[in-house]
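Here is the structure we will look at.
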Amino acid sequence: MSLYRGRLVDKWHEISARDASRISILMAVLVGLVVGLGAWELIELRNTLTRDVFQANRVVARIVARGLHPGNEGVLDEAGVDELLTELVLEPGRPVHVFDGRGESLTGPLSEPWEGSEIVAEGIGGRSGQGRFELPDGESRLAVYVPLPDRSGVVVVDRPASAAEPRILSIGLIGFLVASALLVLGTIMVGRLLQLIIRSRNETVAILSSLAEGVLIVDTNAVILNMNPAMERLGGWPLKEVKGKIFTDLFGLIDEHGDPIPLERWPLMRALQRRWVVTSRGFELTLLARDGRRVPVNLAAAPVIGPTGDLIAAVGIVRDVSYEQELDQMKSSLIATVSHELRTPLTLIRGYSELLQHRSLDDDLAKESLVHIQHSAERLGRLIEDLLSVSRIESGQMQMRTATVELPGAIDEVVRHWSGSRGRTFELDLDDACTYVLADRDRLIQVLTNLVSNAAKYSPDHGPIKIRSRLRRYSVEVAVIDRGIGLSKEDMAQLFDKFYRSEREEVRMVSGTGLGLYIARNLVEMQDGTMWAESELGRGSAFYFTLPCVRDVQPVLEDGSLETS
């Protein structure tokens, strides 16, 4: 998980930095172009207007030098002005207009539309400058005007305004286009970044929510940043109540000795300090939940390091190992139980064998010793068979030789064994409506033997064991009922679990491995049946199982079973 987050952060920074760099470079280039073009055009326009002013001043100087202005009378020598303009070598495309003090043109028809214009009036008034003028034909002109001394006239030098307007307008147009381009580009890039953020966030949320293990994310100050639903269920705290709080104020952690673990010894903080992955081992940690539950957990923590090497946060993976701890305890209990179960018969076999070998015994004592050896060997055989049955069931190698089996005959075989050598009494109540079942006869005997053995071990020696059968539609229901010590509700919940044995003293006094009922239930289910139990503490227990009933009976086989059609 921490590796995924690290890659995500690295990728995000890589994309963000790359896109930001591209935008910055593009903006700098475009802005540079705009500024350069605009500055160049403005300089060119200023130089042009300066030349026009210089041209007008030349004309004014020549008129003054030749004495063509009559002073305050406002009348210029028109012939002298025409002769002067003819002599001057003027720049091509720069029309020169001369007006007298009354505003009348002295330079021909091209100048007449200017008569009475604001530009001419300004020049006659003794002012110089520049401006625009619209001709009658719609053409726009850009003009520079310079007055003659004593307000005797004005000289105007003009050029088509269209020659200057594109340069001026290009600045605004390019600026607008650049701004629009930058806005569109910025919008696209921001949208792309937002999509990446949303997609990354959704991916992270989906991953965190799908994990079965609890995930807890804290910053470098042990403040909770985030956790997934599995962690909420594990600790009993919703995210909205814990976000922004120090995690040790909410979650407690104790070691295998029951002592609280301080903040600095939490795997999350050790991962931040070491900048390395830290994991707990075995069942050494227990999480204290909000409701007081103590949950055995395995905790793995890893630091989240940014692309620049900065420590960002720590991620903890918290896994509930209650089931594993229970299995481990059951395994330990099984080893102890099996060791005891093996040791007891082996001790008896060895003891009676040495007695027969080294001492001369009369016939009765020797026979009794042999009986003890036989019983011990049978006990060892049953234990080994139980262990092999569990192995075959879990590996799928248990094979069923299903055939039609006479149910009363199988029950009678088990009853004779226990009533003869064991001295138990039985009450039989068998339904004649269905006496044949579809089953593996050896496995049926194994199931009945297990249930009768349990009834005998956990009920008084003089108490009878009842075996009953009833037809239930297409199946036969068989019940083995005793009047023994019974079972508690806690025992009933785990009764058919592998290796389970009650902690009650009267149960622990009786030898057993906790495998019998697990094997019996699986054997019944493998023959299309079901098994369940009913019990009341101190008043006995009843174990039930069903098997398919067979009505059409075929000839008897060599092993005593009947084939079905």
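The values are calculated or read from the model by the stated rules, or taken from the named source; none is laboratory data. No experiment lies behind these values; they were computed from the predicted model shown. No Cβ is skipped: glycine too gets one built from the backbone with ideal geometry, and neighbour counts run over all protein chains shown.
Scanning the stretch 530-539 finds one or more residues that are under 23 Å from Ser475 (Cβ atoms) and part of a loop (DSSP other than H, G, I, E, B). Taken together, Leu387, Leu348 contain a single residue that is under 20 Å from Gly512 (Cβ atoms) and at pLDDT 80 or above, which is Leu348.
Going through Arg483, Arg443, Arg470 one at a time, which residue ends up being among the basic types (Lys, Arg), touching a residue at least 60 places away in the same chain (Cβ under 8 Å) and either over 19 Å from Asp528 (Cβ atoms) or assigned by TED's automatic domain parsing to the domain that holds Gly538 (or both)? One residue alone meets the criteria, Arg443.
For the stretch 499-522, the criterion of being of a type in the set (Lys, Arg), free of Cβ contacts under 8 Å to residues at least 40 places away in the same chain and under 27 Å from Thr404 (Cα atoms) is satisfied by at least one residue.
Scan the helices (runs of 4 or more DSSP H) fully inside the stretch 179-283 and keep the ones with 2 or more residues being in contact with a strand residue (DSSP E or B) (Cβ under 9 Å, 6 or more places away or on another chain) and touching a residue at least 40 places away in the same chain (Cβ under 8 Å). Hits in the stretch 179-283: 229-235, 267-274. The set of residues in the stretch 389-403 that are part of a helix (DSSP H, G or I) and surrounded by 13 or more Cβ atoms within 10 Å (Cβ to Cβ) comprises Ser389, Val390, Arg392, Ile393.
For beta carbons closer than 6 Å, sequence separation of 6+ or different chains, a first residue in the stretch 451-465 that is in the same structural domain as Arg379 (by TED's automatic domain parsing) and at pLDDT 85 or above and a second that is part of a loop (DSSP other than H, G, I, E, B) and surrounded by 18 or more Cβ atoms within 10 Å (Cβ to Cβ), there are no qualifying pairs. A count restricted to the stretch 118-157 and to residues that are of a type in the set (S, T, N, Q) and either buried (at least 21 other Cβ atoms within 10 Å of the Cβ) or closer than 16 Å to Val59 by Cα (or both) stands at 2. Suppose we keep only residues that are of a type in the set (Val, Ile, Thr) and surrounded by 14 or more Cβ atoms within 10 Å (Cβ to Cβ) within the stretch 322-345. Which one would you say is modelled with the lowest pLDDT? It comes out as Thr337.
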